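> Please read through the structure below; I'll follow up with questions.
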Amino acid sequence: MVHAKGPGPLARRTLRVRVRVILSYAHRDEKLRDELAKHLAALRRSAVIDIWYDRKIAPGDEFDRDILQQLQNSDLVLLLISPDFMNSDYCYLREMRIALRRHAKGQARVIPIILRPVDWHGTPIGKLSALPKDGKPVTTWRRRDEALLDVAKGVRRAAEQLRHHRSQRIATWQKHKRKEIRTGTQAA
């Protein structure tokens, strides 16, 4: 009987690594951010994602430095889009630009979450697929919980894709390392 070799222990561990998610939002939308975080709790509790947002910055820490560090280290950036987000120089010119730059380089995935009605289609995020479904603003749904559930399901799909791609990269890396060990060579 032939047994197929599965992924090594490192790849199995990598599958369980949480996707790092940052919520970028305007402070006026804090209540909606809190509602979204509740809907993402199942993903957090099942070890699919870790969520970070600026209210987690400890007293005395540097606000700008911590936000930039989290943006640089995140796998998934959720831009919580509203008129206040679009009006905020910090959100629009700083956080969104960094996120989109990383998205373009394949270093992170950016998902616009349309919280409140605003003209976002003609902006740099207009080319991205938004949540909830069809980019319909959360606040315009008859049942807000259904809109946020749709967002949570979309975030789950994106996080699972990111975890799958990560495990494939690890498996490829392990395959090359095993080959190097067998042949006694090292890749340049």
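> Just check region 20-85 against the gyration tensor rule for me: Cα atoms, a ≥ b ≥ c as the square roots of the eigenvalues, rounded for a/c under 1.5, and otherwise prolate or oblate depending on whether a/b exceeds b/c.
Numbers: a/c = 1.60, a/b = 1.12, b/c = 1.43.
It comes out oblate by the Cα gyration axes.
> Which of the pairs Lys31/Lys105; Lys31/Lys127; Lys38/Lys133; Lys105/Lys127; Lys31/Lys56 have their Cα atoms more than 22 Å apart in this structure?
Too far apart for the 22 Å limit: Lys31/Lys105; Lys31/Lys127.
> Per 0.36 nm of contour for each residue apart, how much would the distance between Ala42 and Val17 grow if the chain were fully extended, relative to their Cα-Cα spacing?
Details: separation 25, 0.36 × 25 = 9.00 nm, distance 1.56 nm.
My answer for the length gained is 7.4 nm.
> Find how much the distance from Lys127 to Glu62 grows on full extension, using 0.36 nm per residue of separation minus their present alpha carbon separation; answer in nm with one decimal. Let's see the in-between values first.
Numbers: separation 65, 0.36 × 65 = 23.40 nm, distance 3.27 nm.
Difference between extended and current length: 20.1 nm.
> What Rg and what Dmax come out for region 51-111 when only alpha-carbon atoms are used, in angstroms?
When restricted to Cα atoms, region 51-111 yields Rg and Dmax of 11.6, 33 Å.
> Which length gain, in nm to one decimal place, applies between Asn87 and Gln107 when the Cα-Cα distance is subtracted from 0.36 nm times their residue separation?
Details: separation 20, 0.36 × 20 = 7.20 nm, distance 2.64 nm.
That pair, Asn87 and Gln107, stretches by 4.6 nm at full extension.
> Exposure proxy check: Val21, Val155 ranked by fewest other beta carbons within 10 Å? List each step's numbers first, then the result.
Working: Val21 28, Val155 24.
Least crowded to most crowded, the residues run Val155, Val21.
> Follow-up. Would you mind getting me the FRET efficiency between Arg166 and Arg28? Use the beta-carbon distance for r and R0 = 45 Å, nearest 0.05. It would help to have the intermediate numbers written out before the result.
Details: r = 35 Å, r/R0 = 0.77.
Result of the calculation: an efficiency of 0.85.
> Highest mean first, what order results for 125-131, 82-88, 55-61 on Cβ atoms within 10 Å? It would help to have the intermediate numbers written out before the result.
Numbers: 125-131: 16.9, 82-88: 19.0, 55-61: 8.9.
Packing proxy ranking, top to bottom: 82-88, 125-131, 55-61.
Only the coordinates and a few stated rules stand behind these numbers; no lab work does. The structure presented is a predicted model; accordingly, all values stated were derived computationally and were not measured. Cβ sites come from the backbone with ideal geometry, for glycine too, and all protein chains shown count toward neighbours.
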